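**Student:** Got a structure here, written out as structure tokens. Questions coming.
No lab work stands behind these numbers, since they all come straight from the coordinates. No experiment lies behind these values; they were computed from the predicted model shown. Here the Cβ positions follow ideal geometry from the backbone for every residue, glycine too, while neighbour counts run over all protein chains shown.
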Amino acid sequence: MYTLIFVLWLVAVISVLSFVTGATSQRSYSIVRSSFASITNYLLQRDLLETTFHLLSKDPWLKSIKIETEEGTFSIEISDEGSSLNPNSLKPEDLKFLLSNCGVDTGEQMDVMIDSFLDWVDEDNFRRLNGAEKDYYEALTPPYAPRNGKILSKEELLFIRGFDVKTYNCLSPVLSVYGKNKINIGTASLEALTALGFSKEDAEKIISARKTRLINNIKELADIVSYIPTYAEKWLGFSPSGVYRIKIKTEDGGTNTFIVDLGRKKVLRFL
């Protein structure tokens with residue numbers, strides 16, 4: 001409410017100043033129209049998110065909804081963003097397991113990727129045996145500097161020495177900087193399940209089984225698949241994380257995407 005009042009007041013001030021200073025009326029009206037469009041869009045998006053929060057609080061497994069408003073019909077896609085591994089929490093042995101599942105052979109290439117990853121996220125400029133630091137990246141074309149801190153998005157992997165598009169595409173379904181280090185078996189994609197070490201056949205069995213029922217624990221999962229990757233057991237979850245990616249689609253094909261924390265009813269990021 002206060003935001004709306006403030007912006008309306010600002011628009012009024014802009015209009016008066018434009019008149020007093022003799023600014024062209026065309027430009028004045030353009031500024032006013034743009035400001036009102038921003039207000040309308042903000043309020044609409046806020047209301048759509050509040051409605052989505054309300055529906056998710058009743059059913060945290062929701063995947064899609066449609067909301068009718070005076071402005072039109074909006075399709076909303078919902079995915080469990082927190083049901084991922086946070087790259088900032090990965091240890092060398094975690095990376096080795098995940099890279100192996102992505103087809104990276106144990107040896108020099110894997111050592112380069114692991115050491116370079118660790119060099120990227122640590123705060124110093126001391127290079128590990130097979131890693132890369134500032135001098136390596138600044139010699140590239142174009143040059144850039146390593147993060148030397150927490151990764152801010154999983155796409156950063158593509159900037160780390162040794163990580164190529166193929167490996168990134170394999171890891172991407174199980175990674176998110178908003179991840180809570182539990183992969184929700186009830187929503188995990190085929191790609192995410194195979195990245196965790198499940199065979200394609202077992203991953204397909206999981207996806208087929210959950211169409212008719214929830215998988216509530218390891219025991220129920222074991223009844224479905226032939227093998228549960230032992231190392232991955234610590235990452236297996238059976239309930240929504242509470243952190244969602246919400247994509248709002250308009251009738252004309254426009255989209256707005258938000259990362260939200262349902263528990264705090266807070267937008268963590270607007271994409």
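**Student:** Give me the extension gain from LEU158 to PHE270: residue separation times 0.36 nm, minus the current Cα-Cα distance, reported in nm with one decimal.
**Tutor:** 38.1 nm
**Student:** Trypsin sites (Lys or Arg not before Pro), restricted to the stretch 167-237: which are DSSP loop and have at most 12 other Cβ atoms within 10 Å?
**Tutor:** LYS211, ARG213
**Student:** Under the classification rounded if a/c is under 1.5, otherwise prolate if a/b is larger than b/c and oblate if not, where does the stretch 142-271 fall, given a ≥ b ≥ c as square roots of the Cα gyration tensor eigenvalues? Mind dumping the intermediate values first?
**Tutor:** Details: a/c = 1.91, a/b = 1.30, b/c = 1.46.
It comes out oblate by the Cα gyration axes.
**Student:** Quick one: grab the alpha carbon gyration tensor of the stretch 88-163, order the square roots of its eigenvalues as a ≥ b ≥ c, and give me rounded if a/c is under 1.5, else prolate or oblate depending on whether a/b is larger than b/c.
**Tutor:** Details: a/c = 1.65, a/b = 1.46, b/c = 1.13.
Because a/c hits 1.5 or more and a/b exceeds b/c, the stretch 88-163 counts as prolate.
**Student:** Right, next: What full-extension length gain, to one decimal in nm, is calculated for VAL165 and TYR136 as 0.36 nm per residue of separation minus the Cα-Cα distance?
**Tutor:** 8.5 nm
**Student:** A further question on this structure: What percent antiparallel are the DSSP beta bridges of the chain, to the nearest 5? Don't jump to the answer; show the numbers that get you there.
**Tutor:** Details: 22 of 25 bridges.
Roughly 90 percent of the beta bridges in the chain run antiparallel, per DSSP.
**Student:** Which pairs, out of LYS219/LYS266; LYS66/LYS219; LYS63/LYS91; LYS219/LYS265; LYS66/LYS234; LYS182/LYS205, put more than 28 Å between their alpha-carbon atoms?
**Tutor:** On the way: LYS219/LYS266 35 Å; LYS66/LYS219 36 Å; LYS63/LYS91 32 Å; LYS219/LYS265 33 Å; LYS66/LYS234 36 Å; LYS182/LYS205 20 Å.
Pairs exceeding 28 Å: LYS219/LYS266; LYS66/LYS219; LYS63/LYS91; LYS219/LYS265; LYS66/LYS234.
**Student:** Full-extension gain between TYR231 and SER199, please, as 0.36 nm times their residue separation minus the C-alpha to C-alpha distance.
**Tutor:** Details: separation 32, 0.36 × 32 = 11.52 nm, distance 1.43 nm.
Extending this stretch completely gives an extra 10.1 nm.
**Student:** Write out the chymotrypsin sites (Phe, Trp or Tyr not before Pro) in the stretch 163-271 meeting two conditions: DSSP loop, and at most 13 other Cβ atoms within 10 Å of their Cβ.
**Tutor:** Numbers: sites: PHE163, TYR168, TYR178, PHE198, TYR227, TYR231, TRP235, PHE238, TYR244, PHE258, PHE270; in loops: PHE163, TYR178, PHE198, TYR227, PHE238.
Loop-located and lightly packed - TYR227.
**Student:** In vacuum, with every alpha carbon of the chain counted as one equal point scatterer, what does the Debye formula give for log10 I(q)/I(0) at q = 0.17 Å⁻¹? Two decimals, please.
**Tutor:** -1.25
**Student:** If contacts are Cα pairs under 8 angstrom and at least 6 residues apart, what is the relative contact order of the chain in percent?
**Tutor:** 20
**Student:** In debye, nearest 20: dipole of the chain around its Cα centre with unit charges on the Cβ of K, R (+) and D, E (-)?
**Tutor:** The dipole of the chain has a size of about 800 debye.
**Student:** While we're looking at this one, here's another question. For the chain, return all DSSP H helices satisfying: extent of Cα atoms along own axis at least 24 Å; mean Kyte-Doolittle hydropathy at least -1.0.
**Tutor:** Membrane-span-like by this rule: 2-20, 25-58.
**Student:** Restricting attention to the stretch 53-90, which GluC sites (Glu not before Pro) occupy a DSSP loop and are surrounded by at most 12 other Cβ atoms within 10 Å? Walk me through the numbers on the way to the answer.
**Tutor:** Working: sites: GLU68, GLU70, GLU71, GLU77, GLU81; in loops: GLU70, GLU71, GLU81.
Here the GluC sites (Glu not before Pro) that fit, given the DSSP loop and packing criteria, are GLU70.
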